[in-house]
1. Quick one: in the range 230-288, of everything that is in a loop (DSSP other than H, G, I, E, B) and open to solvent by less than 50 Å² (accessible area, probe 1.4 Å), which residue is nearest to Leu371 (Cα to Cα)?
2. Exactly one of these conditions fails for Arg220: (1) loosely packed, with under 14 Cβ neighbours inside 10 Å; (2) within 20 Å of Ser35 (Cα to Cα); (3) basic (Lys, Arg). Give me its number.
3. Filter the range 113-160 down to the residues that are among the hydroxyl-bearing types (Ser, Thr, Tyr) and farther than 14 Å from Ile34 by Cα, then identify the one that is surrounded by the fewest Cβ atoms within 10 Å (Cβ to Cβ).
4. For the range 311-348, what are the residues that are at pLDDT 90 or above and not in a helix (DSSP H, G or I)?
5. Go through the range 172-187 and give me each residue that's surrounded by fewer than 17 Cβ atoms within 10 Å (Cβ to Cβ) and in contact with a Lys or Arg (Cβ under 9 Å, 6 or more places away or on another chain).
6. Quick one: His163 ticks every box in (1) at pLDDT 90 or above; (2) closer than 24 Å to Asp30 by Cβ; (3) exposed (fewer than 15 other Cβ atoms within 10 Å of the Cβ) except a single one, so which number is it?
7. Every residue in the range 208-217 that is assigned to a helix (DSSP H, G or I) and crowded, with 23+ Cβ neighbours inside 10 Å, please.
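The values are calculated or read from the model by the stated rules, or taken from the named source; none is laboratory data. Just so you know, these numbers come straight off a predicted model, no measurement behind them. All Cβ positions, glycine included, derive from the backbone under ideal geometry; neighbour counts span all protein chains shown. Ligands, DNA and RNA are stripped out before the accessible areas are found, and what is left, the full protein with its side chains, is counted by its heavy atoms. Shrake-Rupley method; radii C 1.70, N 1.55, O 1.52, S 1.80 Å.
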Amino acid sequence: MKKGLLYIVLTLLLSVVNVTAGAQSMSNADSVQISLLTCSPGKEVWAQYGHTAIRYYDKQNGEDFALNYGIFSFEQSYFILRFVLGMTDYRLGVQSMDMFLAQYSYEGRAVTEQVLNLSSDDKQLIHKALQENLKPENVVYRYNFFYDNCTSRARDMIVNHLHGKVVYPAADKDATFRSMLHEWNNKYEWSQFGEDLLLGVNADRKTTKPEQQFLPENLRNDFDKATYNGKPLVKETNELLAAEKEVEEPAFPLSPLSIALIFAAISIIMMTFSYRKQQFYRAWDAALMLTSGLMGIIFFIMIFSQHPCVSLNFILFFFNPLPLFFLYSTVKKKKSTWWKIWGILIVLGFIGSLFQDIPVPVLIVALFLLLHCILHLRINKSVTTAGGSKR
């Protein structure tokens, strides 16, 4: 209980501290040490990929701060909606290094420090930029997971004041945003599946070196191999905290693939009965249309998101809000118009899968939805033909 209370207090302090790092002018740059801090992943979804911060340590004055661009609050108005639409505001926060380490020690996460090999002039420039960034009118920024996050902000604060002389190792030519995320979330099957659902075709394009540095570990590795003015950018690396051994929590017993295969099995049974009896089951049709339509609302909303990698998503052809408009006429009046439209949309979705990495469970579900549409049209045609022959 005491430990939990300590964590809450630390978190609250992190969000409200208004200390200005090195508010006074830098009297002795030689005593100042500027470092990149890389934190290992946490258990929460937003902490799965680790974190990055800057350490400002003045040995002479005893100032030792962590500057953190990852501060956000769930108390923001319409937080969930704003997050989905890419309209979440994050801000720069400052806390003592002791408090920063206490927080990550509580979470059992590692913290690695890379002390940068900088000149006195470099430190002065970065110090001045930090002071400017810590002004109330500058601390808030519009967060973007891939392009403008806590890691890229920390990198830019450092590198943008090093006169364009930092040289990184070559970029991974085959890395996409999706493939890089898969390297980190492969242990979290449902989390990976959920992110794959929301990520569209733009997440599968090849990325540049700066884009690949949105991940904290990628930036840490690049800094480790980077040079500045012909010398290593990193002077020394220190492990400030070691990660605690992760305790595996019981996972949900069914995987996304298992759910898809169960759906496929139920679909085969329902289609078999429908074909043999040459009739449809309204409850099953309604369930498929309602579920698809409700899922489709989410994908439709994402079209308007400011996240550049989610707005164009071919999964929208499989699941969209249209069945909600056709539900009454299709189920109650037995019209076949929707099955024609849905069949065409699903085919377009499969064509889209040539350009977008769509999860296999989604493709399995889409395939059986397409078969369901085809069966509907075939039985409708048979019934119509039989009725015409009798007349």
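1. The residue in question is Ser255.
2. (1)
3. Going through the qualifying residues, I end up with Tyr147.
4. Leu312, Asn313, Phe318, Phe319, Asn320, Pro321
5. Of everything in the range 172-187, those that are surrounded by fewer than 17 Cβ atoms within 10 Å (Cβ to Cβ) and in contact with a Lys or Arg (Cβ under 9 Å, 6 or more places away or on another chain) turn out to be Asp172, Lys173, Asp174.
6. So His163 meets the others, but not (1).
7. Within the range 208-217, just Pro216 meets the criteria.
Per-residue answers, yes or no, for (1) open to solvent by 20 Å² or more (accessible area, probe 1.4 Å); (2) among the small types (Gly, Ala, Ser); (3) without any contact (Cβ under 8 Å) to a residue 24 or more places away in the chain:
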{"position": "Pro308", "(1), (2), (3)": "yes, no, no"}
{"position": "Phe314", "(1), (2), (3)": "yes, no, no"}
{"position": "Phe317", "(1), (2), (3)": "yes, no, no"}
{"position": "Leu322", "(1), (2), (3)": "yes, no, no"}
{"position": "Thr330", "(1), (2), (3)": "no, no, no"}
{"position": "Trp338", "(1), (2), (3)": "no, no, no"}
{"position": "Ser353", "(1), (2), (3)": "yes, yes, no"}
